[in-house]
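The values are calculated or read from the model by the stated rules, or taken from the named source; none is laboratory data. Because the structure is a prediction, the values reported are computed rather than measured. Cβ coordinates were reconstructed from backbone atoms using ideal geometry, including for glycine residues, and neighbour counts include every protein chain displayed. Calculation scope for accessible area: heavy atoms of the full protein, side chains included, ligands and nucleic acids excluded. Shrake-Rupley method; radii C 1.70, N 1.55, O 1.52, S 1.80 Å.
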Amino acid sequence: MKDLSLYILDIAMNSVRAGAKNIAILLTEENNVLTLRIEDNGCGMTEEQVEKLSNPFFTTRKTRKVGLGVPFLRMLSEMTGGKVTVTSRPEADFENHGTEVVATFHTDHIDFIPLGDVVETVVTLIQGNPDSDYVFRHKTDKLDVNMDTREMRAILGEEIPLNAYEVLAFIREFLLGQYENEN
Amino acid sequence: MKTLAELAAIREQMKDKVAIRTGSGAVRVVVGMATCGITAGARPVLNAFVEEVTKAGLNDKVMVTQTGCIGICQYEPVVEIYEDGKEKVTYVKMTAEKAKEVVEKHLKGGEAVSQYLIGNTEL
């Protein structure tokens, strides 16, 4: 994958498939360290599953025998001197199940790849899974981009889905506008 | 800069349209968006379909959706088209440009673009 935004899409897709109703993608950049945090309230994983997560030959799916998402992210992070931690609470915990993936990257390392089009990643997630809610935040010393689809839904009402073309176009402009404004 | 208040205007414009759209989906365009698809470039393919279907005025008839790994990772980005009463059509090794052509010729014109179909594409 050629930029970090594609890794983010890939990891957030795991949240979608875990049945998460709330997914947060949080990026913070401080002192040449980029921290990516993806939180969801999906079905979570057992301790055993979390342990196996970085093994590319472990997957719960049936269509193929490899699971490369987390191993890819870990490789990319570790190549820059960062690390990935995954914490998860399985569904046995009714109130509080879900997963957090936290990855750090040293942005001044030669192996750091560009962030890429993270706005397109957010739009793509919403397009495919409009019934979930998303929080997106990107904070650096120059910008603070924020989005919460629950605020949008409150205005749009029940009938208009988040993935209606007009709404997706709005979300794209809404985010790009914040990036332009604060650059 | 866009503000959330503009969504209220979108809601007003769309009130009548949504009722029509929810009854739609006679044609489904399904883009594989697992690790294999994303790595091979599925994100711009998906977004091209969303964009072009809207531009072609086909939103009432065509639904663009995402799926996981279809199982033929070496052919990604893979796009399947399901149409009532017809056999499933599978496009492989797609790009945003090819997606545009498929919307124009297949979804609008009714004729599959044969050179991008799975049977006609070499690895």
* To do: State whether one or more residues within region A:105-116 are closer than 25 Å to B:Val53 by Cβ and of a type in the set (Phe, Trp, Tyr).
  => no
* Consider B:Leu107 carefully, then state whether it is more than 22 Å from A:Leu9 (Cα to Cα), more than 14 Å from every other protein chain (Cβ to nearest Cβ) and among the aliphatic types (A, V, I, L, M). => yes
* Kindly provide the set of residues from region A:147-165 that are part of a helix (DSSP H, G or I) and open to solvent by 40 Å² or more (accessible area, probe 1.4 Å), ordered by number. => A:Arg150, A:Glu151, A:Arg153, A:Ala154, A:Ile155, A:Tyr165
* Asked: If you scan region B:70-109, which residues turn out to be free of Cβ contacts under 8 Å to residues at least 24 places away in the same chain and polar (S, T, N, Q)?
  -> none
* When the residues of region A:14-52 are filtered to those that are over 21 Å from A:Arg150 (Cβ atoms) and within 14 Å of another protein chain (Cβ to nearest Cβ), which remaining residue is least open to solvent (accessible area, probe 1.4 Å)? -> A:Asn14
* Would you mind stating whether A:Glu95 is of a type in the set (Asp, Glu) and touching a residue at least 24 places away in the same chain (Cβ under 8 Å)? => no
* touching a residue at least 24 places away in the same chain (Cβ under 8 Å) and among the aliphatic types (A, V, I, L, M): does that describe A:Leu156? -> no
* Across region B:72-102, what is the number of residues that are part of a loop (DSSP other than H, G, I, E, B), within 14 Å of chain A (Cβ to nearest Cβ) and at pLDDT 95 or above? -> 3
* Restricting the search to region A:154-171, which residues are more than 9 Å from chain B (Cβ to nearest Cβ) and charged (D, E, K, R)? -> A:Glu158
* Structure fact -> Residue set B:Val29, B:Val64; condition open to solvent by less than 10 Å² (accessible area, probe 1.4 Å), in contact (Cβ under 8 Å) with a residue 12 or more places away in the chain and assigned to a strand (DSSP E or B); output residue B:Val29
